[in-house]
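> To start, I am sharing the structure in question, which I have written as structure tokens.
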Amino acid sequence: MEKNGTVMDYLRWRGDLPFTRDGFNEVDDLVLCIISYINFRRFEDLRTTDPTRAVALPEVAARLTKEDEQLGLSELDYIPLMRLAAETERFREVRMFGFTHEYDEVKEMQFDAVSYLLPDDTLLVSFMGTDTSLVGWKEDFNMCFVCPVPAQSNAVDYLNRIAASNGGDITVGGHSKGGNLAVYASAFCEQAARRRITHIYNYDGPGFTEDVLNSDSYKSICVLVNTFVPQSSVVGMLLEHEE
């Protein structure tokens, strides 16, 4: 694969390798974080928090239409990515559940998340980033001087709820604001859930105020945080980082 390859190239290059042959990595998590931007609001079966009712990626991908295209700020289409992932041996047995969409103009909150199960039942929690709504942007600006913002509090509650639904290791990730939510939720979730977290992936997400960075809760998970920023990063440079 070329040095400047995309996640689509990655799926074509490594998609034939199941996780039993080549373990789950940060690019795999990025694929699932990108998929979390797709509009799953009309799929009621994905809202279940019962992992035994989780839906396989190919089944969800087969039902997607243009109206379900991603809700983020990118001009790219994400449905082709999900369909390609669903066709690969690597991702076709990944299952989805726990989708939530919460939007409140009064609280100035935009919060979306979805969870996945690997074939070995490892739990993956993905937080979506900012959408195109004015409320979503306003909440981003509020993060510069308010903590927690409503989405951060919701992320903690969501992680607690999903973690309680099944056992095993947990990976938490998100892009942009979702990356911030992944780190915050991991730091301030219940200890029973926090002890199970093995990896935290923050893709170009903003940092935190010094109060958060100096907290014992943050310090307890800081070593687990992997932060990735592109050369053109703006959001990922906001506030402070210690990971």
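> Could you derive backbone 3J(HN,Hα) for the range 188-198 from the dihedral phi with the Karplus parameters 6.51, -1.76 and 1.60 (θ = phi - 60°), listing whole Hz in sequence and x where the residue is Gly or Pro?
Running phi through 6.51 cos²θ - 1.76 cosθ + 1.60 with θ = phi - 60° gives 10, 6, 5, 4, 4, 6, 4, 5, 8, 6, 10 Hz.
> Tally the DSSP beta bridges in the chain and give the antiparallel ones as a percent, rounded to 5. Kindly include the intermediate steps, with their values, before the conclusion.
Working: 16 of 31 bridges.
Counting DSSP beta bridges with both partners in the chain, the antiparallel share is about 50 percent.
> Efficiency by 1/(1 + (r/R0)^6): what FRET value for VAL146 and ASP50, r their Cβ-Cβ distance, R0 = 35 Å, to the nearest 0.05?
Details: r = 34 Å, r/R0 = 0.97.
Plugging the Cβ-Cβ distance into 1/(1 + (r/R0)^6) gives 0.55.
> May I have the count of lysine pairs in the chain with C-alpha atoms under 26 Å apart, counting pairs 8 or more residues apart or located on different chains?
Working: LYS66/LYS177; LYS107/LYS138; LYS107/LYS177; LYS138/LYS177; LYS177/LYS219.
Pairs that pass both the separation and distance tests number 5.
> Taking the Cβ of ASP68 as the centre, find all other residues whose Cβ is under 12 Å away and add up their charges (Lys, Arg: +1; Asp, Glu: -1). The partial results should precede the final answer.
Values: positive: ARG41, ARG42, ARG63, LYS66, ARG83; negative: GLU67, GLU69, ASP77.
Here the charged neighbours net out to +2.
> For the chain, rounded, prolate or oblate, judged on the Cα gyration tensor with a ≥ b ≥ c (square roots of eigenvalues), a/c < 1.5 rounded, else prolate if a/b > b/c? Walk me through the numbers on the way to the answer.
Values: a/c = 1.36, a/b = 1.31, b/c = 1.04.
It comes out rounded by the Cα gyration axes.
> How high is the relative contact order of the chain, given as a whole-number percent (alpha carbon pairs under 8 Å, six or more residues apart)? Let's see the in-between values first.
On the way: 461 pairs, mean separation 37.0, N = 243.
Once divided by the residue count of the chain, the mean separation gives 15 percent.
> Taking amide H positions as placed in the peptide plane 1.01 Å from N, state which residues far from ILE197 in sequence (5 or more) or on other chains have amide H under 5 Å from it.
HN-HN under 5 Å from ILE197: ILE170.
> Next question. Could you work out what % of the accessible surface of the chain is carbon and sulfur, using a 1.4 angstrom probe and leaving DNA, RNA and ligands out of the count? Walk me through the numbers before you get to the answer.
Working: 5700 of 11280 Å².
Carbon and sulfur together cover 51 percent of it.
> On a 0 to 90° scale, report how tilted helix 150-164 is relative to the longest principal axis of the chain, with both axes built from alpha carbons and the result rounded to the nearest 10.
That helix lies at roughly 50 degrees to the long axis.
> Before I look further, what does the chain give for accessible area per residue, probe 1.4 Å, in whole square angstrom?
Values: 11280 Å² over 243 residues.
Value for the chain: 46 Å² per residue.
> From the backbone phi of the range 208-222, what are the Karplus-calculated ³J(HN,Hα) couplings (6.51 cos²θ - 1.76 cosθ + 1.60, θ = phi - 60°) in whole Hz, Gly and Pro given as x?
With the stated coefficients, the range 208-222 comes to 9, 6, 4, 4, 6, 4, 8, 6, 5, 5, 5, 4, 6, 10, 4 Hz.
The values are calculated or read from the model by the stated rules, or taken from the named source; none is laboratory data. The structure displayed is predicted, hence computed values, not measured ones. Cβ coordinates were reconstructed from backbone atoms using ideal geometry, including for glycine residues, and neighbour counts include every protein chain displayed. Heavy atoms of the whole protein, side chains included, go into the accessibility calculation; ligands, DNA and RNA do not. Shrake-Rupley method; radii C 1.70, N 1.55, O 1.52, S 1.80 Å.
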